[in-house]
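The values are calculated or read from the model by the stated rules, or taken from the named source; none is laboratory data. Keep in mind that this is a model prediction, so the values were computed, not measured. Cβ placement follows ideal geometry from the backbone for every residue including glycine, while neighbour counts extend to all protein chains displayed.
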Amino acid sequence: MKNRNKILVIGSVALDSVETPFGQVSRALGGSATFFSAAARVFAPVSISAVVGKDFPIKYLRQMRRLNICLDDLKIVDGKTFHWKGYYGEDLNSAHTLKTELNVFKDFKPQLNEENRQTRYVFLANIDPEIQSYLLVQLENPSWVACDTMNFWIQHKKASLIGLLKKVTVFLCNEAEAKQLSEEKDLFRASRWLLGKGPKIVVVKKGEYGVACYTRRSQFMAPAYPVHKVMDPTGAGDSFAGGFLGYLARVGNLDDRAVRRGIVYGSILASYNVESFSLDRLARLTRPEIESRFKRFRQMTQFS
Ligand code: AMP
């Protein structure tokens, strides 16, 4: 196989209309698979499986290709692209959804090409859990499978999601979603419940309060990297997943040290992403910028 550390991601490629206290965009490039790929590509090659409609602007396809994201399994079909409309009030930790227009995702059945079927590392980014499962059965022998979701799917497809968890190695979600899915009020109990459903590692994102990671034997907590101005939190979770899983694919193992370093890299990618709308900041991010925040992160969390 050509790229042993390549990651395959399935998720939304979307047009996002977003308003925050600092500005707004209409039909900007977004989607869970898009933000993920823009972050993960700094550590490993990425290939997207998704669908867009014929209305999807060519400039966005070009933008993704410029970032070296492989689009061989991105289908372009008749119909409209997934559209998400949301806003953030003063509390930038919670997104308020105004519209979720699934459009071409409604009857999307991903079909992987021969090369993508052999991918060792897979991220099922936020999308319908039935689409996530449909992709999973096409993979020949993945080393690990990571999965994310959101309240929309917990509400509409809970049973499919819980069934999928059996086949997942790393599960990511935010704090409210962990509690909603497990029906537990306390995060530690929610993490135990999730670990009981299949995943070996559960990563809970807590917005500006950081990340909590649970395995059966250990826990790890990391703060969010502090930024001067959060312009738009959209994609923070996906770019976190991109930095985290991109790093894990690069190093090729899931031991505690790798997972902890990955979580710090994920937090750093998310911190850059929230400094702009859409992919603006991630698209021009460099490795030295990432390493400089990694160093500062270490200083910020060290004590004896
Ligand atoms: P986050 O990282 O959680 O901020 O994810 C933001 C991205 O999720 C946006 O770019 C949206 O296009 C996408 N999104 C919103 N709702 C859904 C949904 N129900 N399924 C898949 N993707 C979604």
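When the range 173-211 is filtered for residues that are assigned to a loop (DSSP other than H, G, I, E, B) and at positive phi, the ones remaining, listed by number, are 183, 198, 210. Cβ-Cβ distances below 8 Å connect the following pairs, each with a first residue in the range 85-99 that is more than 17 Å from residue 208 (Cα to Cα), a second residue that is among the hydroxyl-bearing types (Ser, Thr, Tyr) and in a loop (DSSP other than H, G, I, E, B), and a separation of six or more residues or different chains: 86/234. Each residue in the range 119-138 was checked for being touching a residue at least 40 places away in the same chain (Cβ under 8 Å), more than 16 Å from the ligand (Cβ to nearest atom) and either surrounded by fewer than 17 Cβ atoms within 10 Å (Cβ to Cβ) or not in a loop (DSSP other than H, G, I, E, B) (or both), and 2 pass.
Please work out if residue 28 is closer than 26 Å to residue 133 by Cα, within 12 Å of the ligand (Cβ to nearest atom) and of a type in the set (Gly, Ala, Ser).
Here the answer is no, as residue 28 does not meet what is asked.
Among the residues of the range 159-196, just one is without any contact (Cβ under 8 Å) to a residue 12 or more places away in the chain and within 20 Å of the chain's Cα centre (by Cα), namely 179.
Looking at the range 12-25 only, could you name the residues that are within 8 Å of the ligand (Cβ to nearest atom) and either within 13 Å of residue 64 (Cβ to Cβ) or at pLDDT below 95 (or both)? Passing the criteria: only 14. Scanning the range 199-214 for residues that are of a type outside the set (D, E, K, R) and surrounded by fewer than 18 Cβ atoms within 10 Å (Cβ to Cβ) returns 209, 210.
Residue-wise test of (1) in contact with a helix residue (DSSP H, G or I) (Cβ under 8 Å, 6 or more places away or on another chain); (2) more than 15 Å from residue 41 (Cα to Cα); (3) of a type in the set (Ser, Thr, Tyr).
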| position | (1), (2), (3) |
| --- | --- |
| 261 | yes, yes, no |
| 273 | yes, no, no |
| 279 | yes, no, no |
| 282 | yes, no, no |
| 287 | no, no, no |
| 293 | yes, yes, no |
| 299 | no, yes, no |
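Output yes when any residue across the range 153-167 is assigned to a loop (DSSP other than H, G, I, E, B) and within 16 Å of the ligand (Cβ to nearest atom), and no when none is. The answer is yes, given that some residue of the range 153-167 is assigned to a loop (DSSP other than H, G, I, E, B) and within 16 Å of the ligand (Cβ to nearest atom). Here is the figure for the range 102-118: residues that are in a loop (DSSP other than H, G, I, E, B) and over 18 Å from residue 14 (Cβ atoms) total 5. Within the group 292, 239, 276, which residue is among the polar types (S, T, N, Q) and closer than 25 Å to residue 202 by Cβ? Every option except 239 fails the conditions. For the range 4-55, taking the residues that are more than 21 Å from the chain's Cα centre (by Cα) and under 20 Å from residue 74 (Cα atoms), the one that is surrounded by the most Cβ atoms within 10 Å (Cβ to Cβ) is identified as 53.
For the range 208-259, a residue qualifies if it is among the β-branched types (Val, Ile, Thr) and within 15 Å of the ligand (Cβ to nearest atom), and the qualifying residues are 211, 230, 234.
One line per residue, one yes/no per condition, for (1) in contact (Cβ under 8 Å) with a residue 60 or more places away in the chain; (2) in contact with a Pro (Cβ under 7 Å, 6 or more places away or on another chain); (3) surrounded by fewer than 23 Cβ atoms within 10 Å (Cβ to Cβ):
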position: 221; (1), (2), (3): no, no, yes
position: 233; (1), (2), (3): yes, no, yes
position: 239; (1), (2), (3): yes, no, no
position: 251; (1), (2), (3): no, no, yes
position: 257; (1), (2), (3): no, no, yes
position: 273; (1), (2), (3): yes, no, no
position: 282; (1), (2), (3): yes, no, no
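Within the range 242-251, not a single residue is touching a Lys or Arg at 6+ places or on another chain (Cβ under 9 Å) and not in a helix (DSSP H, G or I).
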